[in-house]
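FYI, it's all coordinate maths here, none of it is from the lab. Everything numeric in this text was worked out from a predicted model, so none of it was measured. Neighbour counts are summed over all protein chains in view; Cβ atoms, including those assigned to glycine, are modelled from backbone coordinates with ideal geometry.
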Amino acid sequence: MVLLVGEFSLETLPQTDDGTLMVLAEPDKPVRKLDNQLVHAGAMRLVGGLGALVDGLLQHIPEDRLHLEHVLTAVADRGDHVELSFLVGEKSAAVAARRAVLALPPRLVEEHVAFQPDLDEALFAAMLSTPTAMASEAKAVMTYGAMAGFYEACGSGNAFVHHEQAVLREIYDASIAGQHALGGFLAMSPDLRNSFRGGLPLLIASQFAQIFGAGFDQGELHLQDWAAEPYTCASQDRREFAAHGFPLSSRLLQERQWDGRLIFAGSETAATGAGHLEGALDAALRAEAMVLRDTAPAAPAIDTSRADATAKLH
């Protein structure tokens, strides 16, 4: 990841972490402030956010290779090639290719894509048992502007909320140049978030104020719920919201299928860093190696009979 950031000449800044940590263990008890509690272990952020990384990647992809708003619905093995079926708006489209590299989370592939012939049952089972990283999560960011004098009161902006009525379970500083902000992941399940959707902004603002004090409920709230996105969160991911963490990849998902014509390369399939950006790079490098191996020109054949004859002459 560090090499990729350097290749695109992207700027980084350290995640704010001065060692202060706010902890709220019970809903009706005061928040506790702890010192010497480094949370982010030297983590860095990208100036411009991860959108800057996406823009850097886009600069290396020819425009005629990008086809947005194509929904993959089926992949068929035709022997010497694969055929991919897409839904484009209300129309369908088919594409023939020597091979297909699916950089989708395995559960989304299992849920939305049909295969002809069917893949091995063990492979389908591996897809279903591999959680989609962060898919059922929701994040809230409250921005306060550059002149919010009260913002210094939050220290590093780090907080954990452990009680069962928590709205946000983890909070951190999300400020960028000229914009103070706090961000946090919601503790509520997708179904609970949906049922409280009308009052969710007030609940989130109230928890910011409960932890950090007056003024922290008076910002502009931005809420992103990935569980509401059908091409981000699979049905199985919604059901397993309580199982936080990142997936462990199955070796089956790292193997070539259909004699190399089908390769799985989502971050969740990575041997290391599955579910993280590093996992996406690991999976991409594995897929690249497989493709290059299949497309490398064959080594010239050696005439062993002539070699044997020459050896006998000597």
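Points worth noting:
- Taking all C-alpha pairs of the stretch 111-155, those more than 18 Å from each other amount to 60 percent.
- For the stretch 116-194, the Stokes-Einstein estimate of translational diffusion at 25 °C and a viscosity of 0.890 mPa s comes to 158 µm²/s, using the Kirkwood hydrodynamic radius over alpha-carbon pairs.
- The chain, helix-only ellipticity at 222 nm - DSSP H runs n ≥ 4, -39,500 (n - 2.57), divided by all residues, nearest 500: -7500 deg cm²/dmol
- Under 5 Å between amide hydrogens, built in the peptide plane, is the criterion, and for Thr12 it picks out Val47 among residues at least 5 positions away or on other chains.
- Computed about its Cα centre, the charge dipole of the chain is approximately 300 debye, with only Lys, Arg, Asp and Glu carrying charge at their Cβ.
- Spin-label pair Ala96/Glu152, simplified geometry with 7 Å Cα→Cβ offset, distance in nm: 7.0 nm
- Its alpha carbons give the chain an Rg and a Dmax of 24.9, 95 Å.
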